[in-house]
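Structure record follows, encoded as structure tokens.
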Amino acid sequence: MPRFPNIAEHANSVSHRVYSELAERARANNQEIFPLHVGDTYRDPVMAARAEAQKSEEHPGLHAYAPVRGEPALIDAFIEYVAKRHEATLDRDRIQVMSGATAGLSIVCQVLLEPGDEVLLPSPFWPLSRGIIATKGASPVQVPFYTRLDEPGFDPEAALEAAVTDRTVALYINTPNNPTGRILSETTVDAMLRVAMRHDLWVLCDEAYEEIYFDREPPTPIWLRSEIRDRAVAFHTLSKTYGFAGARVGFTHGPAELMGTIAGMQTFHTYCAARPMQLGAVGALREGGAWVEDSRTLYRDAGYAAADALGVARPQGGTFLFIDVSPHLRSGATSSFAFLERCADAGVLLTPGASCGDDYAKWVRLCFTSVPPARLDSALGRLAPLFQTPGG
Ligand SMILES: Cc1ncc(COP(=O)(O)O)c(C=O)c1O
């Protein structure tokens with residue numbers, strides 16, 4: 001049957017218009033806009049990583065294709081990083097360089113999922129994770145989770161178990177979490193993995209914020225647990241750790257046999273990650289240690305300042321606050337949209353909580369690293385009164 005002018009059904013789940021209305025509203029009323037809806041950093045990466053530091057005369061074929069698996073020097077640098085950070089050895093044949101964790105999750109889902117499959121998606125979640133799963137024709141099964149961890153009697157294992165069906169094929173775990181800033185405890189991870197083991201699920205470990213943790217020991221990576229070594233696929237990215245989001249470089253690793261198929265699938269998607277930026281990424285991994293330390297302190301200070309200014313709990317890691325604004329909504333309101341409009345009128349853009357899960361329509365997400373500290377202060381000054389106003 002002809003399709004024109006229609007599009008494929010699975011593409012209807014994808015929307016890119018989420019913020020435009022609020023952005024227009026903010027622009028109409030303000031000289032200065034504070035884009036706290038964008039999950040990015042104001043910091044430029046270390047010199048050795050920057051685009052302008054990559055020179056054709058130093059790298060013959062700088063703009064040629066890289067090997068599909070990734071630039072060998074970058075794979076070496078990542079193996080060294082993992083050895084130093086986690087005291088673990090990662091074999092080359094388990095590593096795939098990808099155009100960020102977004103491409104990583106997308107390509108892995110393309111390999112693992114069939115239409116109709118279900119993926120357990122503890123919520124709230126990174127907005128793109130739901131769409132990536134949905135674009136494969138699979139169902140992201142949302143399980144309210146990170147915001148419930150402190151609820152007396154909340155049982156993480158029972159919550160996930162109740163969502164398992166005979167179509168469930170994978171469990172996605174993201175810690176430190178976008179958007180809550182929560183770092184999962186060992187006990188919670190144990191409970192989650194029991195469900196994965198019991199039902200033979202793939203475990204998708206999103207490590208995007210692995211280096212952004214505050215006033216605590218580094219989180220222990222889930223993918224390193226021996227009981228899931230055969231089923232864990234991990235996603236790392238330089239976007240958050242090294243301020244490299246636009247460079248689009250990340251790593252995916254998992255069981256060697258699976259990674260062979262993933263390399264094949266990557267060939268048909270992006271072929272390779274951008275070679276100049278892979279070479280920049282070598283510079284980030286080799287010379288970015290102090291930069292990462294500084295970021296951790298700067299981001300912690302920003303996260304704590306934002307939480308204190310708005311009267312909410314301080315984040316444990318990551319780059320976001322996730323806030324229930326129902327006390328500031330009119331009774332009967334079904335979403336945070338009116339609140340987001342008030343923020344936009346004050347020049348500050350925040351993310352609707354609904355993009356992080358269906359149960360969070362009355363929440364908002366704020367990124368505290370997208371603008372420098374002085375601008376964050378100004379934005380918080382504009383937001384604070386709105387967070388004190390009862391909804392009525
Ligand atoms: C939890 C999480 N995973 C993955 C990504 C995507 O990272 P990348 O820039 O490497 O595609 C993000 C980006 O915001 C994220 O928050």
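The values are calculated or read from the model by the stated rules, or taken from the named source; none is laboratory data. Not measured: the values here are computed from a predicted model. All Cβ positions, even for glycine, are placed from backbone atoms using ideal geometry, and neighbour counts span all protein chains on display. For accessibility, only protein heavy atoms count, side chains too; no ligands or nucleic acids. Shrake-Rupley method; radii C 1.70, N 1.55, O 1.52, S 1.80 Å.
List of remarks:
- With respect to the conditions (1) surrounded by 15 or more Cβ atoms within 10 Å (Cβ to Cβ); (2) of a type in the set (Ser, Thr, Tyr); (3) over 20 Å from the mean Cα position of the chain (by Cα), Thr41 falls short on a single one, namely (3).
- Boolean, Thr297 is farther than 23 Å from Glu87 by Cα, hydroxyl-bearing (Ser, Thr, Tyr) and away from the ligand (no atom under 11 Å from the Cβ): yes
- Note on the stretch 121-222: enclosed strands (runs of 3 or more DSSP E) holding 3 or more residues that are outside the structural domain of Val38 (by TED's automatic domain parsing), within 16 Å of the ligand (Cβ to nearest atom) and open to solvent by less than 10 Å² (accessible area, probe 1.4 Å) are 168-174, 202-206.
- Of the residues making up the stretch 312-351, those that are small (Gly, Ala, Ser), closer than 26 Å to Glu210 by Cα and either away from the ligand (no atom under 16 Å from the Cβ) or outside any loop (DSSP other than H, G, I, E, B) (or both) are Ala313, Gly317.
- Tallying residues that are of a type in the set (A, V, I, L, M) and within 18 Å of Thr351 (Cβ to Cβ) within the stretch 126-163 yields 2.
- Applying the criterion of being basic (Lys, Arg) and part of a helix (DSSP H, G or I) to the residues of the stretch 248-294, the residue that is most open to solvent (accessible area, probe 1.4 Å) is Arg286.
- For the stretch 337-392, filtered to residues that are free of Cβ contacts under 8 Å to residues at least 60 places away in the same chain and of a type in the set (Lys, Arg), the residue that is surrounded by the fewest Cβ atoms within 10 Å (Cβ to Cβ) is Arg342.
- Members of the stretch 69-87 found to be more than 16 Å from the ligand (Cβ to nearest atom) and small (Gly, Ala, Ser), listed by number: Ala73, Ala77, Ala83
- Some residue of the stretch 202-209 being modelled with pLDDT of 95 or more and out of contact with any strand residue (DSSP E or B) (no Cβ under 7 Å at 6 or more places or on another chain): no
- Residue that is modelled with the highest pLDDT [pool: residues in the stretch 13-37 that are under 30 Å from Ser106 (Cα atoms) and open to solvent by 100 Å² or more (accessible area, probe 1.4 Å)]: Glu21
- Which listed residue, of Asp76, Asp93, Asp40, is among the charged types (D, E, K, R) and touching a strand residue (DSSP E or B) at 6+ places or on another chain (Cβ under 8 Å): Asp40
- Of the residues making up the stretch 88-105, those that are more than 9 Å from the ligand (Cβ to nearest atom) and not aliphatic (A, V, I, L, M) are Thr89, Asp91, Arg92, Asp93, Arg94, Gln96.
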